[in-house]
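Right, one structure below, let's go through it.
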Amino acid sequence: VRLSLVELIRTGLGPDDAPFLKSLSADRSGKVRELAGRMLAMLGEQGEGAADVPAAELAGFIEEGKAGFIRRRTTFGPAKTKSHAQEQRRAELFELCNLVDLAARFGVTESDFITGWQFGTDNNADILLSRMVAASGSDTAVAHMADRLVDEGGKPVLRVLQLTPRLDSRRKRVLVRLILKQANYLGMLNLAESLDAGWLDWDDLTNGQVLGALRSIIGGNDGAMLQGVHDFLEMMGFLATATAATKLIGEVIAAGLPPASPSLSLLRLNASLAATPTT
């Protein structure tokens, strides 16, 4: 019961909650202590005592370096693991530690650590860091990571999908538009959480390669790819405006998708809203 009550603090979490959360450091429940520590980390508060032990061990799995000839900058990246056991331990530590404590081990802020992280060198490590940022990073750190990866584009931007529950509406929409424009990882949109409904315009679907990719897959005979199209259309039924839904239905049917396809159901419901009079 106490754990559920403490969880309620997450909604509207702010600096005024810090004193109470700190008082839970001596709670008899380990889960309560862990949750309180996570939320304190989200407020930028470093852990005390025992929290430093796993952070120190995790730091041993990370290499610090320098890059740049004129403007030298600090970089961070995953050290090469030597066994499956080490990979498992690294994953456990990423899940256990808070971002602010890990950054402190290197004497930098959360944002500086994210800026220095070498995304793309180890996909598994990137995923682990993304989960850590989503679970324990401050709002500033979460926004900084999202902005950095969106600006850089490419495959690493998919790591932002793990941050969507904590992103504001503007950043979520920027992310969705970028994935649609790149069109290489449309199926990954299903991993996004807490997206807004009914905002995606037709221009967002035509500003890139999405429609061409859909036509190609629908006209082909790859069953796995076609299933991905069905999943994508269901997602679009949730995100698209009524006008965009209507036009998308026409496009995919013209490409050869059966008009009675179940994946069009949500799009059709959405499109029908355009004809529903308001009172």
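Summary of computed values
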{"quantity": "Amide H within-cut-off set for residue 200, under 5 Å, with H built and near neighbours excluded", "calculated": "240, 241"}
{"quantity": "Cα gyration tensor, region 48-167 - rounded (a/c under 1.5), prolate or oblate", "calculated": "rounded"}
{"quantity": "Mean residue ellipticity (222 nm) of the chain, computed from DSSP H runs ≥ 4 via -39,500 (n - 2.57), nearest 500", "calculated": "-16500 deg cm²/dmol"}
{"quantity": "Table column - 3J(HN,Hα) (Hz), region 182-189, Karplus curve with 6.51, -1.76, 1.60, x for Gly and Pro", "calculated": "6, 6, 8, 10, 4, x, 6, 4"}
{"quantity": "Pair residue 230, residue 253: separation of 7 Å Cα→Cβ label points (nm)", "calculated": "1.9"}
{"quantity": "Net charge over other residues, Cβ less than 15 angstrom from the Cβ of residue 215 (K, R count +1; D, E count -1)", "calculated": "-1"}
{"quantity": "Cβ-based exposure ranking for 230, 84, 144, in which fewest neighbours within 10 Å come first", "calculated": "84, 230, 144"}
{"quantity": "5 angstrom amide H check on residue 75, placed H, neighbours 5+ away", "calculated": "65, 66, 67"}
{"quantity": "Stretchable slack from residue 81 to residue 202, in nm (0.36 nm times residue separation minus alpha-carbon distance)", "calculated": "38.9 nm"}
{"quantity": "Inter-label distance, nm, simple model (7 Å from Cα along the C-beta direction), residue 221/residue 155", "calculated": "3.0"}
{"quantity": "Distance in nm between pseudo-label sites at residue 5 and residue 170 (7 Å out along the Cβ direction from Cα)", "calculated": "3.8"}
{"quantity": "The chain - share of DSSP beta bridges that are antiparallel (%, nearest 5)", "calculated": "75"}
{"quantity": "Potential lengthening between residue 181 and residue 71 on full extension [0.36 nm per residue; Cα-Cα distance subtracted]", "calculated": "36.3 nm"}
{"quantity": "Extension gain from residue 274 to residue 124, taking 0.36 nm per residue of separation minus the Cα-Cα distance", "calculated": "49.6 nm"}
{"quantity": "GluC sites (Glu not before Pro), loop per DSSP, at most 15 other Cβ atoms within 10 Å - longest free stretch of the chain", "calculated": "49-192"}
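Here, each number is a calculation from the coordinates, and none is a lab measurement. Remember, predicted model here, so these are calculated numbers, not experimental data. In this analysis, Cβ positions are derived from the backbone assuming ideal geometry, glycine residues included, and neighbour counts consider all displayed protein chains.
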